[in-house]
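The values are calculated or read from the model by the stated rules, or taken from the named source; none is laboratory data. These figures come from a predicted structure and were not determined experimentally. Glycine also receives a Cβ, built like all others from the backbone with ideal geometry; neighbour counts cover every protein chain displayed. Heavy atoms of the whole protein, side chains included, go into the accessibility calculation; ligands, DNA and RNA do not. Shrake-Rupley method; radii C 1.70, N 1.55, O 1.52, S 1.80 Å.
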Amino acid sequence: MSLKRYLEQIRAGKQINWDKFHGLLPQGYEDDWRDIFTVTKRGAKQWQVTVIDPIRYEQLLAAAEKPVNRIQASAQGDSHLATTTCSYLLVYRMGLPDARPDVVLLKPEGAVQGFAAKKQLLLVENEENFFHPELMLDVASDMLGQTLTLANTDVALASGSQGLSPQRVHWYQHYAEVICAFDYDTAGLEMYAALNKQMRRNREQQEGVSTQVSYLQPLDYSAWLPLFKCQPKSDKSYMRGRKLASELGFVTLEKAFAKTRKFMEQEMLLRDRVNTE
């Protein structure tokens, strides 16, 4: 439960778990709470909290409000309570003058970019793979059995969990399909599942949104099994990966996990395509 919710329950006269509430208090309030509240124990983990300083209470309630930007968050003592107002992402697209990717500026009022989106977006999780866009498109073509090039597909860097930010998800909606080139492990599946769920919700709730999300993988993993080299960090992570693959309907991937007892990092997709000498 959030600090704001606890404060609302206090205002409503409800009993709360004082220990959990006290642990959520911002810096400076850990001891000063005695000037704001009186506390009476009513039962196991149940406390009746009464406001004795309404002004300080309202100040604490205001501090509990989630800040809308980092400027407001810094005034509450921690700029990291909010994401930045603007962000950027790197995109390879057709017509670039040199090896540098293009930059898209994401602002609250919309994206600023100098190109029209293609029908498809290949969303690449790792930087090493992203900086080989043509090779990743070749890999995707082999896996999907269709030709993907910069003529029909843009390539964007996901940048880990940043790829799931609301601003980025909104930008993905320029495309008919987002193909997720993520690691073949628990984290990669979790990222895909989260993005797919968010996009499905947006299709249901927002008029005009039709973007589909898919996970880049072959129909048959037989030829790819030698690339499963990554030892799971724990048995729990390994079993979580298998469970996720099964729940997502990725039967052949779950079988690959079971047969190799390993995961596959997406850098392995470039093993025979990049000169590493």
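If R₀ is 22 angstrom, what is the calculated FRET efficiency for the pair K45 and L24, using the beta carbon separation as r and rounding to 0.05?
On the way: r = 15 Å, r/R0 = 0.68.
Result of the calculation: an efficiency of 0.90.
Between S246 and A258, the distance separating the two model label sites (each 7 Å from Cα on the Cα→Cβ line) works out to 0.8 nm. D183 sits with roughly 20 Å² accessible to a 1.4 Å probe, with DNA, RNA and ligands left out of the calculation.
The 3J(HN,Hα) values that the Karplus relation (6.51, -1.76, 1.60; θ = phi - 60°) gives for the range 23-31 are, in residue order, x, 8, 5, x, 4, x, 9, 4, 9 Hz. Gly and Pro appear as x.
Each peptide among 45-55, 192-202 gets the average number of other Cβ atoms lying within 10 Å of its residues, and from highest to lowest they stand as 192-202, 45-55. When the P(r) is computed for the chain, the part past 24 Å accounts for 61% of the Cα-Cα pairs. Leaving ligands, DNA and RNA out of it, report the carbon-plus-sulfur percent of the accessible area of the chain at a 1.4 Å probe. Of the solvent-accessible surface of the chain, carbon and sulfur hold 50 percent.
Derived scalar couplings between HN and Hα for the range 36-43 equal 10, 10, 10, 10, 10, 6, 10, x Hz in order, rounded to whole Hz, by the Karplus curve 6.51 cos²θ - 1.76 cosθ + 1.60 (θ = phi - 60°), x for Gly and Pro.
Sorting the segments 237-244, 103-110, 205-212 by their residues' average number of neighbouring beta-carbon atoms within 10 angstrom, most packed first, yields 237-244, 103-110, 205-212.
With R₀ set to 41 Å, the beta-carbon distance separating K229 from E109 gives a calculated FRET efficiency near 0.35.
For E265, the shell of other residues with beta-carbons less than 12 Å away shows a net charge of -2, using +1 for Lys and Arg and -1 for Asp and Glu. Taking amide H as placed 1.01 Å from N in the peptide plane, the amide H of T85 sits under 5 Å from that of R70, each at least 5 places away or on another chain.
In straight-distance terms, cross-link reach from K14 covers every one of the lysines whose alpha-carbon lies under 18 Å from its own, apart from those fewer than eight places away in the same chain; here that gives K4, K41, K45. For A12 and D35, the difference between the fully extended length at 0.36 nm per residue and the C-alpha to C-alpha distance is 6.3 nm.
The Rg/Rh ratio for the range 110-270, using Cα coordinates for both the radius of gyration and the Kirkwood hydrodynamic radius, is 0.96. Taking every DSSP bridge with both residues inside the chain, close to 60 percent are antiparallel. For the range 3-76, the share of alpha carbon pairs falling in successive 10 Å distance bins from zero is 19, 54, 23, 5, 0 percent.
What FRET efficiency, computed as 1/(1 + (r/R0)^6) with R0 = 35 Å and r the Cβ-Cβ distance, is obtained for E128 and A176, rounded to the nearest 0.05? Let's see the in-between values first.
Details: r = 27 Å, r/R0 = 0.78.
About 0.80, to the nearest 0.05.
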